[in-house]
Amino acid sequence: MATAGSMPRSATRGMGPSLPETVSRAPADALVAVGLSHRTAPIDIRERFALGERRRAEWVDHLTAKAGVSECVVLSTCNRTECYLAGSDAEALDRLGREALCGVSGMGAAGDSYLATLEGAGAVRHLFRVTGGLESLIVGEPQIQGQVRGAYRTGRPTVGPVLHRLFQSALEVGGRVRADTSIASGVTSIPGAAVGLARKVFGSLDGRGVLVLGTGEMGRLTVQCLQREGAGRVFLASRSPARAERVSRPLGALPMRRGAALEALDRVDLVITCTESEAAFLQAAHVRSPRTERTPLVILDIAVPRNVDPRVAETSDVFLYNIDDLRHVVDRARAAREVERERAEAIIERHVAKYRAWRRSRRADPAVRALRNTARRLVDDALAARAPLPGEADEARRLASQAALNKVLHGPTRAIRWLAERSGGEACLRRMEPWLAGEVRRERMRPDEAEGARA
């Protein structure tokens, strides 16, 4: 999200360029995104807000049980934790989201200064930029699209029409950005940047022994990047020996159990950690033994929360880097993609406009329901006044009347939705609803009014 730093809460609301949008107080009409990212918080803060899969569902259920929160999706990656909320009141959603996230961090009110809030079109634009890779540490990274899809699928029990349309649109935007621009060319992944940093440190990875701790998507990508750079022996470690064997085999890596790997760090020159562990497991005690006649040990911790205790850096002959240290590796790639970024921004703006038009069209729902209910009631009354037809003819007449009614109402329904998308259309529809519902009857004109009308 946009940088908040230690700015007051009021300054973070609606941060970043956004189109003006009036927040309706109808149910689930307010949309808010609350969270933090590598732009607003360092890694030691981000890891405190990280929500692993095991507790995410329980946390979301607790939040959506609160009055005013209709829908919720949480996106938690190594670079961001963001909560997308829909409900009846934007200010209430902001407050509830911040309180819930600060509770996760254990920082209480002190964590609030790292959070940023975006509302309405600003929240829509932000998610589209995230899915398109424009908000990533490495611009254009493809992994974020899968992470957004995973967050949406995991959150389906708490997803309603507003967030369903939002995340479906975001995934469409991500696909369009990558198909229609070259934003994803070059180094576009955190594992790729990590291996690039290792190459700068060693000069070459040829013949180097490397240990990768983590057998998830990040671990697999890391092994592939290492092999492209000509790394020598690549060990892939997991807590589960069976999983290590299963993942290593197609990659051509050497499987290891995590415990054994941590006791054998003197056999490698480079360690890359990328597990989903919620606590650091590589401690200073694992790197105490002297590295006789070997180069210093380089450890790249690209996980959030971190897998490596920061005190490991105090050990002689050990150089420790975390995910925030990758910034200088990707600066040149970011500059080279500036033209593609502009093209991506144009795609995003078109889809923001489409989503806003859809949200405005939803405001036509009460008027459309009123029109259809009134028309259906009039047809039912007319049919009830007629004598029943023999056999199946009566049912056929009813079905034919319903089909004719749907055709007649198609045009007015589209006109109502068109009106809802126009500026001032919502107020006009509110005035129309009593007429569409058949609640207003034209009164007989008094003689003086009739004379005035003729004049």
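Residue pairs whose Cβ atoms lie under 8 Å apart, sitting 6 or more positions apart in sequence or on different chains, and linking a residue in region 355-375 that is among the polar types (S, T, N, Q) to a partner that is assigned to a helix (DSSP H, G or I) and open to solvent by less than 20 Å² (accessible area, probe 1.4 Å), are Ser361/Ala420.
Just one of (1) in contact (Cβ under 8 Å) with a residue 24 or more places away in the chain; (2) open to solvent by less than 70 Å² (accessible area, probe 1.4 Å); (3) closer than 22 Å to Pro161 by Cα fails for Arg417. It is (2). Residue count for region 114-130 satisfying the condition of being part of a helix (DSSP H, G or I) and either charged (D, E, K, R) or more than 30 Å from Gly140 (Cβ to Cβ) (or both): 2.
Residues of region 52-94 that are open to solvent by 10 Å² or more (accessible area, probe 1.4 Å), in a loop (DSSP other than H, G, I, E, B) and among the polar types (S, T, N, Q): Thr77, Ser88. Can you work out which of the residues in region 278-293 that are under 34 Å from the mean Cα position of the chain (by Cα) and at pLDDT 90 or above is most open to solvent (accessible area, probe 1.4 Å)? It comes out as Gln283.
Conditions tested, residue by residue: (1) modelled with pLDDT under 90; (2) of a type in the set (A, V, I, L, M); (3) under 26 Å from the mean Cα position of the chain (by Cα).
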residue: Pro305; (1), (2), (3): no, no, yes
residue: Arg311; (1), (2), (3): no, no, no
residue: Thr315; (1), (2), (3): yes, no, no
residue: Arg327; (1), (2), (3): yes, no, yes
residue: Asp331; (1), (2), (3): yes, no, yes
residue: Ala335; (1), (2), (3): yes, yes, yes
residue: Val339; (1), (2), (3): yes, yes, yes
residue: Glu345; (1), (2), (3): no, no, yes
residue: Arg350; (1), (2), (3): no, no, yes
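The condition (being farther than 28 Å from Thr181 by Cβ, open to solvent by less than 80 Å² (accessible area, probe 1.4 Å) and basic (Lys, Arg)) is satisfied by just one residue among Arg341, Arg360, Arg386: Arg360.
The values are calculated or read from the model by the stated rules, or taken from the named source; none is laboratory data. Everything quoted here is computed from the prediction, not taken from an experiment. Ideal geometry is used to build each Cβ from the backbone, glycine not excepted, and the neighbour counts take in all protein chains shown. The area values use the complete protein model at the heavy-atom level, side chains included, leaving out ligands, DNA and RNA. Shrake-Rupley method; radii C 1.70, N 1.55, O 1.52, S 1.80 Å.
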